[in-house]
Structure formats: structure tokens, C-alpha cells
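Take a look at the structure set out below.
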């Protein structure tokens with residue numbers, strides 16, 4: 001059965017991204033109906049939106065033809081999910097206070113379906129006490145909030161308030177559509193009091209990590225050869241980011257140390273961006289103590305002994321420039337002997353042959369509690385699915401191929417069980 005969303009587009013500069021969001025959702029098999037506020041029509045035309053949705057675009061509360069044929073009450077309840085993206089400070093304020101002065105806000109007040117708001121606004125507006133108060137009220141009312149990204153604004157300022165990329169919004173929509181009917185409407189919601197983002201979903205099926213600190217590394221490291229070249233591993237960071245998100249949903253305080261990847265920060269996660277292996281090790285040690293450390297990052301094994309300050313030029317001899325390589329610090333092994341060693345230390349092993357055999361050797365050599373081994377001879381790196389084996393001193397647990405988000409949920413459930421079983 002086709003899933004349906006009602007997309008409400010309010011009048012912000014980020015409204016143009018709604019067109020790409022519609023395209024992304026349609027590609028994923030999700031039907032979209034759209035509502036434009038009067039201000040949004042200054043940025044997006046009903047014609048362009050109608051072509052992409054292949055449906056009528058709604059906007060006029062008092063269009064008698066629309067009201068007779070469909071009715072705003074019926075329109076508000078035909079969708080499986082209502083999405084407000086972008087959600088300006090203005091529409092958030094109206095939603096929080098039950099104001100229904102146009103078609104969009106009337107639909108929101110009349111609906112009995114889940115609502116996802118994706119805020120986008122100037123950084124000062126985002127941090128204003130009135131906006132934070134409105135977000136806190138919406139959270140209490142059961143509205144799902146996908147927090148904005150940080151970055152450069154259209155106005156030239158920098159900070160939190162950018163609309164997340166369409167792929168990230170689509171992923172959150174798919175996650176909400178997959179929730180069972182009757183699920184807690186407050187699940188996965190940030191607490192906006194004082195602009196502190198913390199996930200309140202403590203009792204999801206992936207375990208209870210309340211009061212636990214989970215440290216996750218993700219992505220590759222880039223080891224510079226010169227200002228334009230580097231040594232790296234082929235890692236997208238998707239699996240590590242999914243694990244960080246799953247840990248946050250389970251109620252943990254999560255520190256994510258991320259190599260250079262272009263992925264949105266998961267909701268409720270504290271992110272530290274690094275580039276090199278040495279920077280990653282320093283960030284990991286700074287984040288200790290932690291109850292569990294899950295080292296997913298594909299850290300480059302070697303770096304150049306001395307990175308050139310200027311671009312290395314070919315000399316015409318046909319011979320490559322000599323590179324002296326030295327071994328990078330072993331972050332997993334360092335943690336296993338650290339004074340603040342986490343109670344549970346989990347490493348990842350990306351292998352192309354003898355997967356279990358190499359993982360068992362790594363478990364002993366590194367001093368980890370578990371090794372999550374995966375076969376990367378296919379398209380796992382950069383792909384959306386993974387098949388792993390959990391290697392411990394007790395044996396090997398083999399999981400079938402599944403989306404990386406499901407791998408993350410299953411792993412975090414296992415982590416929560418292990419931590420709850422340990423004394424203290």
C-alpha cells in the first residue's frame with residue numbers, strides 16, 4: 001500500500017529545497033500532496049510543485065471548489081504523515097499556539113495524524129527564547145522535530161538554522177512512517193528547554209541506555225601527502241552515523257567523532273569533526289570516560305612521515321615521488337589499554353577474505369570485547385546495506401544482510417543488554 005504524506009511548505013528562502021524533497025520521496029515510492037502558504041508561493045510556484053507531485057497543489061482556504069470536493073478536514077486526515085518543511089519561526093509559533101488563520105495552519109489544527117516539523121530560519125531566530133519556547137510546547141504536544149543543520153545562512157550569518165538536506169528529511173520521514181500505529185508520539189524528540197537537544201526515547205526496542213555515555217567513531221581519516229593529496233580509506237560513515245543515531249534513540253549521551261564525511265548530525269548526538277588519525281585519537285581520549293566505545297571509523301593505517309607544504313610536482317623522470325610512510329596510532333588498541341577503558345569496547349573489521357578468521361585474530365591482537373566483521377569486497381562501503389558477524393571470545397554470531405539502520409538498532413540492543421548485565 002502506497003504511503004502518503006501531506007507536505008506543507010511555508011515561506012522561507014529554503015522553500016526551494018521542497019522541490020527536491022518531493023522528487024526524493026517520489027523516487028522512494030511515497031505519494032506527496034502539497035500545500036503552499038501565501039508566502040511560500042513567492043519562492044515556489046504551484047505549477048512546478050504540481051508537476052512533481054502529479055497532484056493538485058492546495059493553498060486557498062476559501063476556494064469553494066476545493067472545499068466542496070475534498071474539504072480541509074478530509075485533506076488533513078488522508079495522509080499518513082503531515083510534514084512542514086521548511087517550518088518558519090512564524091508557522092511554528094502558530095502551531096504552538098493553535099492559531100488557524102490559513103489553510104496550512106487549519107489543516108495542522110484539524111489533523112489526527114503524526115506531524116513532522118523541519119525548522120529553517122536565521123540562527124538568531126532559532127536561538128530566540130520565543131522560538132525555543134514554541135518548540136518545547138510542540139514537543140510536549142507530540143510534534144516530531146527534525147533539528148536544523150549548522151552552516152552558512154542565505155543572509156551571510158553562520159550557525160544553526162539551515163534546512164537539512166532533502167535526503168536527510170526523506171530518511172526521517174521514512175523512519176516515522178515505519179513506526180507502528182499507536183507508538184509513543186514523543187519518541188525521538190529533542191528537549192528544547194534551554195536549546196539542549198537530548199533524545200527522550202528511552203524505551204525503544206533497541207534497548208535502554210539511559211545515563212550511559214556511548215562513544216562512536218565513523219568515516220575515514222585523511223592523511224595529507226601535500227596540500228592537495230591525501231591517503232584515505234573508502235568509508236562513507238553511514239554505518240557509524242546510524243549507530244550513533246540508534247544509541248541516542250536508546251537514551252544514551254552520544255559522542256560521535258567523525259572523519260571527513262558529508263552527513264547530517266544525528267538528532268541528539270554531540271559531534272566532533274576531525275581529519276587525521278592522530279586528531280581522531282585525541283578526540284576519542286578527550287571524550288573519555290565512556291560506558292561503551294564503538295570504533296566504526298576506517299582509520300588509515302599509514303601516513304606520510306612528513307607532509308609536503310607545497311604540492312609535489314612531477315619531475316619528468318616518469319618515476320613517482322618517493323613517499324616515506326609511518327604507521328598511524330592504533331586507536332582501538334590504545335583504548336583497550338587506557339586508564340579509562342570503556343566497560344565495553346567494540347571494534348569493526350572491514351575484510352575482503354577470511355572474514356571471521358581475520359576478525360578473531362584482531363579481537364585478540366587489539367584487546368577488544370567484540371569485533372564486528374563485515375565483508376567489504378562488494379558495495380558495502382558507500383552502500384546502504386551491510387551483513388556482519390559479531391566475533392567475541394564466546395564465538396561468532398552471524399547476521400543476514402540488512403539496511404545499515406537495522407544493523408545499528410540490532411547492535412545497540414546488544415550493547416544495552418551487555419551493559420545492563422555488567423556489575424556496576
Subset of segment 53-78 that is surrounded by fewer than 12 Cβ atoms within 10 Å (Cβ to Cβ) and in a helix (DSSP H, G or I) - its residue that is modelled with the lowest pLDDT: 64
Which residue out of 29, 50 is closer than 17 Å to residue 174 by Cα and at pLDDT 90 or above? 29
For segment 123-139, name all the residues that are out of contact with any helix residue (DSSP H, G or I) (no Cβ under 6 Å at 6 or more places or on another chain) and surrounded by 18 or more Cβ atoms within 10 Å (Cβ to Cβ). 123, 126, 135, 139
Could you please find all residues in segment 87-121 being in a loop (DSSP other than H, G, I, E, B) and out of contact with any strand residue (DSSP E or B) (no Cβ under 6 Å at 6 or more places or on another chain)? 88, 98, 99, 100, 101, 102, 112
Checking residue 401 against (1) over 16 Å from residue 235 (Cα atoms); (2) over 26 Å from the mean Cα position of the chain (by Cα); (3) surrounded by fewer than 16 Cβ atoms within 10 Å (Cβ to Cβ): exactly one of these is not met. Which one? (2)
Qualifying positions in segment 320-330 - in a loop (DSSP other than H, G, I, E, B) and surrounded by 10 or more Cβ atoms within 10 Å (Cβ to Cβ): 321, 323, 328, 329, 330
So for segment 348-355 (the condition being part of a loop (DSSP other than H, G, I, E, B), modelled with pLDDT under 90 and touching a helix residue (DSSP H, G or I) at 6+ places or on another chain (Cβ under 7 Å)), does at least one residue qualify? no
Here is a list: 258, 246, 250. Which entry is within 20 Å of the chain's Cα centre (by Cα), buried (at least 22 other Cβ atoms within 10 Å of the Cβ), at pLDDT 90 or above and under 20 Å from residue 160 (Cβ atoms)? 258
Based on what the data block shows, is residue 286 surrounded by 13 or more Cβ atoms within 10 Å (Cβ to Cβ), within 25 Å of residue 255 (Cα to Cα) and within 28 Å of the chain's Cα centre (by Cα)? no
Just checking, how many residues over segment 25-45 are surrounded by fewer than 19 Cβ atoms within 10 Å (Cβ to Cβ) and over 25 Å from residue 100 (Cα atoms)? 5
Answer from 201, 211 - the residue that is in a loop (DSSP other than H, G, I, E, B) and modelled with pLDDT of 70 or more: 211
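Can you tell me which residue among 347, 316 is assigned by TED's automatic domain parsing to the domain that holds residue 410 and surrounded by 12 or more Cβ atoms within 10 Å (Cβ to Cβ)?
The match here is 347.
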Within segment 264-319, how many residues turn out to be part of a loop (DSSP other than H, G, I, E, B), touching a residue at least 60 places away in the same chain (Cβ under 8 Å) and under 25 Å from residue 346 (Cβ atoms)? 12
Quick count over segment 122-131, residues being part of a helix (DSSP H, G or I) and under 25 Å from residue 16 (Cα atoms), is 6
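The values are calculated or read from the model by the stated rules, or taken from the named source; none is laboratory data. Bear in mind that the values here come from a model prediction, so they are computed numbers and not experimental data. Because the Cβ atoms are built from the backbone with ideal geometry, glycine has one as well, and the counts that use them run over all protein chains shown.
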